[in-house]
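Data block below; observations after.
The values are calculated or read from the model by the stated rules, or taken from the named source; none is laboratory data. Owing to the predicted nature of the structure, the values given are computational and were not obtained by experimental measurement. For neighbour counting, all protein chains shown are included, and Cβ atoms are generated from backbone atoms with ideal geometry for every residue, glycine included.
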Amino acid sequence: MIDTSDFRTGLTIQIDNEPYTLIYFQHVKPGKGGAFVRTKLRSVRTGNVFERTFRAGEKFEPAYLERRDLEFIYRAGDDFFFMDTETYDQFSYPESQLGEARKYLKEGMKVSVLSHKGETIGVEIPDTVELTVTETDPGLRGDTASGGSKPATLETGAVIQVPLFVGVGETIRVDTRTDSYLERVKK
């Protein structure tokens, strides 16, 4: 069992039989009353973030997550197909199990599939990916440093905001955690 005094960022615990990752915690000892711990938790299954307060000394069961390293090979309809690079076994997962990660899956990408109690609950992708812009409005001359942005469709179908100077066919680096443009990639 994990006590609130054992909390650390990144720890995964079970609350109501669901796995949650600790994003932030703060031990609070008010002048009057008992101590408590203020936390921010992220649901491993849905990715939703919420705040919750626990009494000091409260105990939790650790959530054991299995990670299997796989390679994304292709998509067929609503199913995404992955391959274990050691055994060459293939697995398919429906779009609903992949969450927001599906927007950035590119053929050949290495990912980690997370399982909790034998059930697949999500896919972890790299924090940054390099993707090619397939569609965007043309930038205007002189707008390279104005700080404006425009929507751009990437090769995987994801739509993000990019600076005005980014054009079709350019490769950019994207932060998958925040869905934001980081930089152009020089080839």
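Here region 2-58 is the region considered, the condition is being aliphatic (A, V, I, L, M) and more than 15 Å from the chain's Cα centre (by Cα), and the residue that is nearest to residue 178 (Cα to Cα) is 11.
Taking the criterion of being assigned to a strand (DSSP E or B) and under 15 Å from the mean Cα position of the chain (by Cα), would at least one residue in region 127-150 satisfy it? Yes, that holds for at least one residue.
Need at least 1 residues that are buried (at least 16 other Cβ atoms within 10 Å of the Cβ) and hydrophobic (A, V, I, L, M, F, W, C) per element, so show me which strands (runs of 3 or more DSSP E) inside region 1-118 make the cut, counting only ones lying wholly within it. Because the criterion is at least 1 residues that are buried (at least 16 other Cβ atoms within 10 Å of the Cβ) and hydrophobic (A, V, I, L, M, F, W, C), the strands (runs of 3 or more DSSP E) in region 1-118 that meet it are 12-15, 18-28, 36-43, 49-55, 59-62, 65-76, 79-83, 110-116.
Every residue in region 105-124 that is modelled with pLDDT of 85 or more and within 12 Å of residue 68 (Cα to Cα), please. Before you say what the answer is, go through the steps one by one.
Here is the first cut: in region 105-124, the ones modelled with pLDDT of 85 or more are 105-112.
Passing the criteria: 110, 111, 112.
Just one of the numbered conditions (1) over 30 Å from residue 26 (Cα atoms); (2) assigned by TED's automatic domain parsing to the domain that holds residue 12 is not true of residue 56: (1).
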